[in-house]
Amino acid sequence: MADDVKALSTQLAQDPDSLVFLRLGELLRQRRQLDAAHRVALTGLERHPHLADAHDLYARILADKRDYERAFDEWDMARRIAPDHVGALKGLAFLYFKVGDVQQAAVHLEAAQRVAPDDPGIAQALALARGGSGQAAAAEQALAPSPPPVAASAPEPLEEKQVFAGLEGAHEGLLLLDASGRVLGGALKDPGGARDVTDAVAAYLAGVSQEAARTAKLLTLGGWTALAAEGKQGHVHLTALAGDVLLLVVRDRSVPMGRLAVIAQRAAGAARRWLEQQR
Amino acid sequence: MSAAPAGYGQALDLVTRVRGVRGAMLVSADDGIVVAEQLMEGIKGAAVAALAGSVASRLGRALEAAGLGAGVFWHLQAEQGALLVVGAPSGILVVAVAEPDVNVGLVRLELLRAAEVVA
């Protein structure tokens, strides 16, 4: 296999514009040489930015590196370029399983199955998805870009510090709190990064959620699900989770509100799974 | 519908003409009192204004505490609808009550334009 890597590397060096980077990147990924695979995929993407397979390869490498945020973006891009790209659809389904959104995962799997009806992996994952959220972990494994390392295969209880593991800004822009303003997980710093503002923000937000609930009730809008706010230096997205638990996501203004909602949705899935394990 | 200065009516028209908006109000941010309104029947304007003012005030404090500056726009999403708010420099909140599938981006733009009108 080392010879294959060498041969493909030579071939790529001779013709940097060739698509051999796709095979080389995938081979390196399978050998768990993720940094090398990352470099190959990125260089390939620079030369072929409109190639869906290049985004798919890069996404798989990012997923292996547990950078799920950017993996989502890359698979999303691959799907925009090629709406029927099976790899992208499977990848997105994998990420939706990962955050506990079985419904969205099933939607993407159904789309993938329409394109590749004979793919046994899709059929298996779809059957598990239809079996309910209890099967989600097995479905996630069926779709994983590469088999998980042996040491990681045994289920382990999540620790509090791992609530948002793998999510962008897990340590500085995500906060889980109860309706009384008590922090359950995550942390917030001011935009300069010097000051911890976790407790102050949590205290104010507890009051916000109560008023939001009253307003929605008064307007007969049903239960409130989220509150997004745009500030002059940044945005926040507050999601109402089960049992009066709130999830706050904070980002600077470079992150558009729509993208913030996507980040919040993924973080909410992770938080719900963590909460279920605590109960 | 309450009587209001022509500029206020123009501001509310900008918002209510967006498809999916069930009504719009101008609310004093300081005390949560209705300044002008164009609401569909059945919506309790005074109560909504008071609560919108309260949410805006608390949210503003949370944003300031987080170091994110003053609030520009906020969007309360609920199962069967939404409340969208922009604060004008004059201390007036422009509030829209909308259907759940409303074009949020468009409502935001019209709220910002309405806020300029009442500034």
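Each reported figure results from applying straightforward, stated rules to the coordinates on display, with no laboratory input. This is a predicted model, so every value here is computed, not measured. Cβ atoms come from the backbone with ideal geometry, glycine included; neighbour counts cover every protein chain shown.
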Within the protein assembly as shown: Cβ-based charge dipole about Cα centre, in debye rounded to nearest 20 (Lys, Arg +1; Asp, Glu -1)
180
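On average, how many beta carbons from a partner chain sit within 10 Å of the beta carbon of a residue in B:47-54? Before the final figure, lay out the partial values.
Working: counts 4, 3, 0, 4, 9, 3, 1, 7.
Partner-chain Cβ atoms within 10 Å, mean over residues of B:47-54: 4.
Which value, in debye to the nearest 20, describes the size of the charge dipole of chain B about its Cα centre when Lys and Arg Cβ atoms bear +1, Asp and Glu Cβ atoms bear -1, and nothing else is charged?
Values: 8 positive and 11 negative charges, 20 e Å.
Roughly 100 debye, rounded to the nearest 20.
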For region A:206-279 and region B:1-60, what is the separation of their Cα centres, given in Å?
24
Order of B:64, A:211, B:79 from fewest to most other C-beta atoms within 10 Å?
B:79, B:64, A:211
Determine the distance separating the Cα centre of region A:92-129 from the Cα centre of region A:63-87; give it in Å without decimals.
14
Calculate I(q)/I(0) for region A:2-152 by the Debye formula, one identical point scatterer on each C-alpha and no solvent, and give its log10 at q = 0.08, 0.10, 0.17, 0.22 Å⁻¹ to two decimals.
-0.23, -0.35, -0.93, -1.33
Considering every residue in A:199-207, what mean count of other chain Cβ atoms within 10 Å of its Cβ is obtained?
5
Quick check on packing: order A:61-73, A:224-236 by the mean number of other C-beta atoms within 10 Å, highest mean leading.
A:224-236, A:61-73
What are the ³J(HN,Hα) values, in whole Hz, obtained from phi via the Karplus relation 6.51 cos²θ - 1.76 cosθ + 1.60 with θ = phi - 60°, for each residue of region B:14-26 in sequence order, with x given for Gly and Pro?
4, 7, 6, 6, 6, 4, x, 8, 8, x, 9, 9, 10
With the cut-off at 22 Å, tell me which of the pairs A:98/A:217; A:98/A:189; A:65/A:98 have Cα atoms farther apart than that.
A:98/A:217; A:98/A:189
Full-stretch length increase - residue A:182, residue A:220 - with 0.36 nm per residue and alpha-carbon distance subtracted:
10.8 nm
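Calculate, for residue B:119 and residue B:31, the FRET efficiency according to 1/(1 + (r/R0)^6) with r their C-beta to C-beta distance and R0 25 Å; round to the nearest 0.05.
Details: r = 19 Å, r/R0 = 0.76.
For residue B:119 and residue B:31, the calculated efficiency is 0.85.
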Phi angles of region B:28-36, converted by Karplus (6.51 cos²θ - 1.76 cosθ + 1.60, θ = phi - 60°) into ³J(HN,Hα) in whole Hz with x for Gly and Pro, give 6, 5, 5, 10, x, 9, 5, 9, 7
Convex hull volume per residue for the protein assembly as shown, taking Cα atoms only, in Å³:
163
Compute the convex hull volume of the Cα atoms of region A:1-74, divide it by the residue count, and report the result per residue in Å³ as a whole number.
67
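Can you give the translational diffusion coefficient of region A:160-278 in µm²/s, computed by Stokes-Einstein from the Kirkwood radius over Cα pairs at 20 °C and 1.002 mPa s? Don't skip to the end; give the middle numbers.
Details: Rh = 14.4 Å.
This corresponds to a translational diffusion coefficient of 149 µm²/s.
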Note down, for chain B, the three equivalent ellipsoid semi-axes (square root of 5 times each alpha carbon gyration tensor eigenvalue), biggest first, whole angstrom.
20, 16, 14
Positive end of the charge dipole of region B:6-117 (Lys, Arg +1 and Asp, Glu -1 on Cβ, about the Cα centre): tell me which of B:32, B:63, B:80 has its Cα farthest that way.
B:63
